[in-house]
Amino acid sequence: MLTADDIRRCALALPEAYEEPHFHMASFRVAKRIFCTLHDPEPRIMLKLDPEDQANLADGEAIVAVPGSWGRKGSTFVWYRELDPERLPGLMRVAWARVAPKRLLR
């Protein structure tokens with residue numbers, strides 16, 4: 001079962017990622033752009049995905065679109081305790097790549 005510490009480690013392992021507060025939660029950013037927020041104490045993260053990636057990855061249980069306009073733009077909730085731990089690095093990388101500068105994607 002994944003923990004908040006696992007989320008933090010995974011996010012911060014990505015190139016030039018850093019943590020910064022965002023209202024009442026932790027956010028993970030690259031080049032000042034958020035790719036993940038950690039909702040505490042609720043075991044949930046929000047990943048900023050491309051809407052097409054969101055549609056392909058959503059499973060209706062552990063991975064679901066955020067309700068409303070944010071979700072239609074790709075914001076996706078992941079209940080990380082329900083997620084297969086092997087999926088986290090790939091999901092995190094997809095969110096990071098959505099906002100990372102092109103120079104980091106090469």
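The values are calculated or read from the model by the stated rules, or taken from the named source; none is laboratory data. Since we're looking at a predicted model, the values are computed, not measured. All Cβ positions, even for glycine, are placed from backbone atoms using ideal geometry, and neighbour counts span all protein chains on display. Remember, those area values only see protein heavy atoms, side chains included, never the ligands or the DNA or RNA. Shrake-Rupley method; radii C 1.70, N 1.55, O 1.52, S 1.80 Å.
Key figures for this structure:
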read-out	value
Criterion: of a type outside the set (D, E, K, R) and open to solvent by less than 20 Å² (accessible area, probe 1.4 Å) - qualifying residue of Ser75, Ser69	Ser75
Residues of segment 37-49 classified as crowded, with 16+ Cβ neighbours inside 10 Å and part of a loop (DSSP other than H, G, I, E, B), total	2
Residues of segment 1-22 satisfying the condition of being within 13 Å of Pro85 (Cα to Cα), assigned to a loop (DSSP other than H, G, I, E, B) and at pLDDT 95 or above	Leu2, Thr3
The lone exception for Glu61 - which of (1) touching an Asp or Glu at 6+ places or on another chain (Cβ under 8 Å); (2) open to solvent by less than 80 Å² (accessible area, probe 1.4 Å); (3) part of a loop (DSSP other than H, G, I, E, B) it fails	(2)
Residue in segment 6-36 that is farthest from Trp96 (Cα to Cα), counting only those that are open to solvent by less than 30 Å² (accessible area, probe 1.4 Å) and aromatic (Phe, Trp, Tyr)	Phe28
